[in-house]
Amino acid sequence: MKQLIIFRFSAMGDVALLTPVVRAIAEAYPDRQLTVVTRQKFAVFFEGMPGVRVFGADLAGRHKGMTGLYRLHLDLKEAGPIEYIIDTHQNLRTAILKTFFRFSGIPSVTLDKGRQEKKALTRQENKIRRPLLHSIERYLDTFSRAGYTATLGTAPYFATSAATEVQDFLRNIPAKKSNEVWLGVAPFAQHEPKMWPFERIQPTLELIRQQRPVRIFLFGGGAAEVAQLQTLVETFPEAVLVAGKLSFRAELTLIRQLELMLCMDSGNMHLAALSGVPVLSIWGATHPYAGFGPWGQSEGNMIQISPDELSCRPCSVFGNKPCFRGDLACMNWITPELVADRALQLLDTPYKQSGPAGGQDPIVL
């Protein structure tokens, strides 16, 4: 069986967004073996997909440096004949790997990241604000240019399960009441300009719990985030700390049980959306137009300040630039009342998946 080699080493959200496309291609081409080359910890995203295997690249060990990349290309060739290299990462590592494969006559195709369009969207002056292709659409286009086409299915896209671990975890909390809703809260992101002030989470949850019986599941990672989440556990008897308590596989399994995920523009946003869960996301320095919005979520599920009020938005594709105004108004102008009100609306509305989030107008103030 011929292989399609697919490169995407990081980051977590970007690898997760590859899942719907890999699943669709695997279903459309059952006579091909799809080999996803990524970090081993991301293999969970592709578990249970027929015709798909993950090759864990050891970029800090066996596959480190130029010699390691050459060894990686040899390791991949040993697994069977390769028909095409699909580069959905486009960085120096993948460029070197494609060169090695080219010497063996193996063709490749490379992701178009749309860098110039994104630069025009986020520059300080004369911004060109228009919805760009979503990352999932860019991945699908990459396969299409290699001659592989498919139609995307609907969420949930993850087949992995850790039901026993989750059941054991849930035994420590009261059984779910008939009118109780399960709300996930993931208040963190990789960069500060993508995070709503943490001190606003508590009043938001207070407003929600006044209106609905709710069980609050708190997601995060690392000691600093866990310490902040612990303050919410001490404040709300309904709060359950998930961060640091479950395996990654079990977290994905638990997320599928939620009625709503409240989050930032973050990896948890993508995990929830790809799990088929309604997502209420808060946006600051970044914008869904850049193509990283929550897949399948409607425009009303994204809260942000209108560019008519803040012409500096968006100022960054990834949220890694400091606020040049110095006040992070894009986040600080969003109130707990607005977020709680929208969360309650979504909890009362039957969920229906829509198209790519990047191509829709989000809710604005």
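A few points about this structure:
- Flag set for Gly319, criterion: within 22 Å of the chain's Cα centre (by Cα) and not aromatic (Phe, Trp, Tyr).
- The range 212-223 - residue that is under 23 Å from Gln167 (Cβ atoms) and either hydroxyl-bearing (Ser, Thr, Tyr) or modelled with pLDDT of 95 or more (or both) and, of those, surrounded by the fewest Cβ atoms within 10 Å (Cβ to Cβ): Pro213
- Looking only at the range 190-211, residues that are aliphatic (A, V, I, L, M) and either under 19 Å from Arg313 (Cα atoms) or at pLDDT below 95 (or both) come to 1 in all.
- A count restricted to the range 1-47 and to residues that are free of Cβ contacts under 8 Å to residues at least 24 places away in the same chain and under 26 Å from Arg71 (Cα atoms) stands at 2.
- Matching entry among Thr154, Thr160 (being out of contact with any helix residue (DSSP H, G or I) (no Cβ under 8 Å at 6 or more places or on another chain), among the hydroxyl-bearing types (Ser, Thr, Tyr), closer than 17 Å to Phe45 by Cβ and assigned to a loop (DSSP other than H, G, I, E, B)): Thr154
- Residue in the range 227-240 that is within 25 Å of Val44 (Cα to Cα) and aliphatic (A, V, I, L, M) present: yes
- Top-ranked residue in the range 270-288 [being in contact (Cβ under 8 Å) with a residue 60 or more places away in the chain and hydroxyl-bearing (Ser, Thr, Tyr); ranked as surrounded by the fewest Cβ atoms within 10 Å (Cβ to Cβ)]: Ser275
- Residue check for Gly291: farther than 20 Å from Phe188 by Cβ, small (Gly, Ala, Ser), buried (at least 23 other Cβ atoms within 10 Å of the Cβ) and touching a residue at least 60 places away in the same chain (Cβ under 8 Å): yes
- Within the range 107-123, the residues that satisfy the criterion of being without any contact (Cβ under 8 Å) to a residue 40 or more places away in the chain and not basic (Lys, Arg) are Pro107, Ser108, Val109, Thr110, Leu111, Asp112, Gln116, Glu117, Ala120.
- Pairs with Cβ under 8 Å, 6+ apart, first in the range 66-82 and touching a residue at least 12 places away in the same chain (Cβ under 8 Å) and basic (Lys, Arg), second part of a loop (DSSP other than H, G, I, E, B) and exposed (fewer than 15 other Cβ atoms within 10 Å of the Cβ): Lys77/Ser104
- Residues of the range 294-312 that turn out to be under 30 Å from Ala155 (Cα atoms) and either without any contact (Cβ under 8 Å) to a residue 60 or more places away in the chain or not in a loop (DSSP other than H, G, I, E, B) (or both), as a count: 7
- Scan of the range 1-46 for residues that are assigned to a strand (DSSP E or B) and not basic (Lys, Arg), ordered by number: Gln3, Leu4, Ile5, Ile6, Phe7, Gln33, Leu34, Thr35, Val36, Val37, Thr38
- Of all the listed residues (Val233, Val226, Val181), the sole one being more than 22 Å from the chain's Cα centre (by Cα), surrounded by fewer than 18 Cβ atoms within 10 Å (Cβ to Cβ) and of a type in the set (Val, Ile, Thr) is Val233.
- Close pairs from the range 238-255: first outside the structural domain of Ala223 (by TED's automatic domain parsing) and at pLDDT below 95, partner of a type outside the set (Lys, Arg) and surrounded by fewer than 19 Cβ atoms within 10 Å (Cβ to Cβ), Cβ under 8 Å, at least 6 apart: none
The values are calculated or read from the model by the stated rules, or taken from the named source; none is laboratory data. Computed from a prediction, not measured in an experiment: that's the story for all the values here. Neighbour counts run over all protein chains shown; Cβ positions are idealised from the backbone, glycine included.
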